[in-house]
Structure formats: C-alpha cells, structure tokens
Amino acid sequence: MDWREDRIGSAARGENPTLLATTPAGYAVIGDVQFLPGYSVLLSRVPDATALADLPRAERVQYLADVDLLATAVERACRAHDPAFRRMNIEILGNTDAFVHAHIWPRYEWEPEDIVREPVWMYDASHWRDPAHELDARHDALRASITAELNALLASEA
C-alpha cells in the first residue's frame, strides 16, 4: 500500500517520508506540494477521528497546542530562509480528507498580487498537481530547519 493511502498509520509506523516530528497529539509532516515553501500539516494521532470535535477535550486542546508549535516552527524557519516571508495561515477544514489535520501555510510577499491576500485555496488547482511544486531535495534545508525549530519547541515544552 502507498503511504499516501494511510498518512496517519504510515507516520505511526515510520513509513511516511514527509514526517518531520512527532508531537504529543500528532504527526507533523511537510506537504507533498511546496508551491508555498514550508507548507506543513499536523495529522492527529487518532486515525478514526473525522472532526476536531471527535477528540476528547484534553486531546483536542493538546492537538491545538501542537498546531501552534508547528506553526511557530514553520514561521521561524520560513522567516530565516526567505526575507519575503509575510505571515502564517492556519486552517482546519476537513472537507476532503476524513481525518483530523491542520494546514500550516506560510505566505510570502512574492505571491501573485491577486492571491497574496486571499485564502490559499484561491490558487489554481494545477498548483497541487504540478511536478514543479512537488516536495523534493530542493526543500531539504527548509525541511531540516522546520524540524529543528519544532524539536526545540517540543523540548522547551517538556
């Protein structure tokens, strides 16, 4: 089975190649596509939870705290890697994938003027399928920076 068919299970088994780090409530992964470099996702550790409300309150609060840590790590890494870093967008949508996950989107000044102030989903759908935006070795340095920032934040929380 392809790891994409079971993103949470593959992360739990150490088979998900996008895994950045494990948090108390989730698995931090870098996005399969990187048209906005640093795009990451926090997957809940609870594979059968289809909505945030499915998690018991204590787990939900921990998950949201972990989203904050991942967003902070992505922001720090992206700000250091690109002076055009603008801000962070955090989204928990659940419209397509039926498992709890939060999108962490860095935003940049170099984005097209008609999109830079809009939700990421205003980008043409081709951005998600264009091989030019696939996660690959070009993203290794940024990926390593996000992982280091996240691990430092997790260590400071312990």
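The values are calculated or read from the model by the stated rules, or taken from the named source; none is laboratory data. Please read these numbers as outputs of a predicted model, since none were measured by experiment. Virtual Cβ from ideal backbone geometry, glycine too; neighbours counted across all protein chains shown. We work out accessible area using only protein heavy atoms, side chains counted, and drop any ligands, DNA or RNA first. Shrake-Rupley method; radii C 1.70, N 1.55, O 1.52, S 1.80 Å.
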Hey, any hits in the range 47-70 for a residue that's closer than 23 Å to Glu134 by Cβ and either of a type in the set (A, V, I, L, M, F, W, C) or touching a Leu at 6+ places or on another chain (Cβ under 6 Å) (or both)?
yes
Would you call Thr50 touching a residue at least 40 places away in the same chain (Cβ under 8 Å), open to solvent by less than 80 Å² (accessible area, probe 1.4 Å) and in a loop (DSSP other than H, G, I, E, B)?
yes
List the residue pairs whose Cβ atoms are under 7 Å apart, where the first residue sits in the range 100-119 and is in contact (Cβ under 8 Å) with a residue 12 or more places away in the chain, the second is of a type in the set (Gly, Ala, Ser) and assigned to a loop (DSSP other than H, G, I, E, B), and the two are 6 or more positions apart or on different chains.
Val100/Ala49; Val100/Ala51; Pro106/Gly38; Tyr108/Ala84; Glu109/Ala84; Trp110/Ala84
Among the residues that make up the range 2-15, is at least one of them part of a strand (DSSP E or B) and crowded, with 19+ Cβ neighbours inside 10 Å?
no
Among all residue pairs at least 6 apart or on different chains, which show Cβ distances below 9 Å where the first residue, located in the range 66-83, is open to solvent by less than 10 Å² (accessible area, probe 1.4 Å) and the second is of a type in the set (Asp, Glu)?
Ala73/Glu149; Val74/Glu149; Ala77/Glu149
Would you be able to tell me the number of residues in the range 32-44 that are under 16 Å from Asp97 (Cβ atoms) and surrounded by fewer than 21 Cβ atoms within 10 Å (Cβ to Cβ)?
2
